[in-house]
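Scroll down for the structure; my scribbles are underneath it.
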Amino acid sequence: MRPRRRWNWPRRSRAALALLVAGGLLLTATLVAPIALPVTTEIGDPVGVAHTTPAPAAAPSTVIVNMTDTPAFLPNAISVNAGSNVTFDLRNLGNYTHTFTLLRQANVTLSPSMTPDQLDAYFNQNGSTINESVAPGGLASVTYAVPLTTYSLTFEYVSVVAYQFQAGMHGTLSVIPTVGGNATLSDNTTDALSFVPNALELNTTGMHFPINVSMTLTNLGALIHTWTLVPQAGVNITPTNFTSYFEAHPPLANISVTSAGGSGYFLIGGPGVYMYICEEPGHFASGMYGYLYVDVPVPHVAAVSTSIVYAWVLAVALGIVGVGVVLSFVVAYTGRFPKPPAGGSPPEGGPY
Ligand SMILES: [Cu+2]
């Protein structure tokens with residue numbers, strides 16, 4: 001009777017342990033799957049697609065500026081679109097000469113307490129973007145190509161005729177970034193020195209250039225990076241020439257990516273393929289670059305990163321199952337769990 005009883009309980013415990021292991025595997029898979037799968041899908045996207053919204057009507061490209069003997073500019077606040085050609089029609093409505101003098105320095109407001117000599121000294125030193133003198137009752141027309149890179153900046157305009165600026169003849173020119181539309185794009189940086197994805201797509205259907213692009217970078221690692229965009233379409237830079245290239249052609253965007261990520265915005269002035277790189281030493285050479293495709297089809301990109309990530313998840317899942325199977329065999333063939341004392345017989349009455 002006793003031997004039969006002794007063999008009875010390991011059989012049941014085998015079944016119980018098998019159920020336990022199976023339950024454990026199921027629980028592990030249930031916990032791991034929802035965590036792993038959405039993340040890998042997001043990281044592995046081979047192409048980042050821009051979300052776009054058309055912008056309100058563009059500001060007029062001709063601006064009438066009246067000059068009066070008050071003395072004043074009417075209007076004394078003007079908005080122009082970055083990247084556009086703006087024609088200023090300057091009309092002197094008074095009996096004195098006035099000038100329309102646009103500061104070269106951005107975001108500078110000159111103090112009205114400056115003397116005429118100090119004002120002259122300022123312009124001798126810093127120059128001006130426009131300096132047009134208009135005779136009494138006269139008209140002058142001057143066209144200004146507003147640089148794309150000046151979006152969001154303001155420039156003061158003044159009359160440099162003695163005491164006119166001091167008496168209030170000044171105004172502010174604001175360069176507004178939103179012209180033909182707005183787009184948002186995002187990308188990720190990794191400690192493997194890569195942008196994921198490394199292909200971004202912007203389709204400008206229903207909008208017109210330039211388009212304001214808001215860029216968000218997520219840092220999936222700890223290393224710092226930059227997201228630096230070339231200003232010219234169709235230009236391929238290399239790890240050996242990018243420094244001199246950017247000295248001659250300032251980047252359209254140069255976003256610092258800290259461990260917390262980074263963001264910025266820039267204006268795209270036309271269709272084409274724009275390269276972006278990381279300027280951190282050695283990163284570009286290690287393959288940290290990508291392309292922004294504006295109204296250009298993105299070449300077929302094999303979902304390499306996706307396959308790798310999914311293969312990794314699969315390997316881990318198989319590993320868990322394998323460990324479970326091995327455990328099941330060990331438990332089944334060692335008989336009891338826990339083991340009985342060596343050489344001893346089970347205590348009276350069995351373990352249950
Ligand atoms: Cu980098």
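The values are calculated or read from the model by the stated rules, or taken from the named source; none is laboratory data. Since the structure is predicted, the reported quantities are computational estimates derived from the model, not experimental observations. Here Cβ is always computed from backbone atoms with ideal geometry, including for glycine, and neighbour counts include all displayed protein chains.
Would it be correct to say that SER256 is surrounded by 14 or more Cβ atoms within 10 Å (Cβ to Cβ), within 12 Å of the ligand (Cβ to nearest atom) and either in the same structural domain as ILE224 (by TED's automatic domain parsing) or within 27 Å of SER152 (Cα to Cα) (or both)? Give the derivation first.
On the way: surrounded by 14 or more Cβ atoms within 10 Å (Cβ to Cβ): yes; within 12 Å of the ligand (Cβ to nearest atom): yes; either in the same structural domain as ILE224 (by TED's automatic domain parsing) or within 27 Å of SER152 (Cα to Cα) (or both): yes.
Yes; evaluated as a whole, the condition is true for this residue.
ASP45 satisfies every condition listed in (1) charged (D, E, K, R); (2) at pLDDT 95 or above; (3) surrounded by 15 or more Cβ atoms within 10 Å (Cβ to Cβ) except (2).
Condition check ((1) at pLDDT below 95; (2) closer than 24 Å to ILE211 by Cα; (3) assigned by TED's automatic domain parsing to the domain that holds TYR289) across all residues:
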| position | (1), (2), (3) |
| --- | --- |
| LEU19 | yes, no, no |
| THR41 | yes, no, no |
| ALA57 | yes, yes, no |
| TYR96 | no, no, no |
| SER111 | no, no, no |
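Tell me whether segment 66-76 contains one or more residues that are in the same structural domain as THR172 (by TED's automatic domain parsing), within 37 Å of the chain's Cα centre (by Cα) and not in a strand (DSSP E or B). Checked segment 66-76: at least one residue is in the same structural domain as THR172 (by TED's automatic domain parsing), within 37 Å of the chain's Cα centre (by Cα) and not in a strand (DSSP E or B). Taken over segment 214-230, the criterion of being within 15 Å of SER263 (Cα to Cα), without any contact (Cβ under 8 Å) to a residue 60 or more places away in the chain and near the ligand (Cβ under 10 Å from one of its atoms) is satisfied by ASN219, ILE224, THR226, TRP227, THR228. Only residues that are at pLDDT 95 or above and either of a type in the set (Lys, Arg) or closer than 14 Å to ALA106 by Cα (or both) were counted in segment 123-152, giving 6. For segment 119-153, enumerate the residues that are surrounded by fewer than 18 Cβ atoms within 10 Å (Cβ to Cβ) and within 17 Å of ASN76 (Cβ to Cβ). Within segment 119-153, just GLU132 meets the criteria. Tallying residues that are among the polar types (S, T, N, Q) and either buried (at least 18 other Cβ atoms within 10 Å of the Cβ) or assigned to a strand (DSSP E or B) (or both) within segment 233-253 yields 0. Of ASN85, ASN81, all but one fail to be in contact with a Pro (Cβ under 9 Å, 6 or more places away or on another chain) and either in contact (Cβ under 8 Å) with a residue 24 or more places away in the chain or surrounded by fewer than 17 Cβ atoms within 10 Å (Cβ to Cβ) (or both); the exception is ASN81. Under the condition of being part of a loop (DSSP other than H, G, I, E, B) and surrounded by fewer than 18 Cβ atoms within 10 Å (Cβ to Cβ), the residues counted in segment 179-208 number 6.
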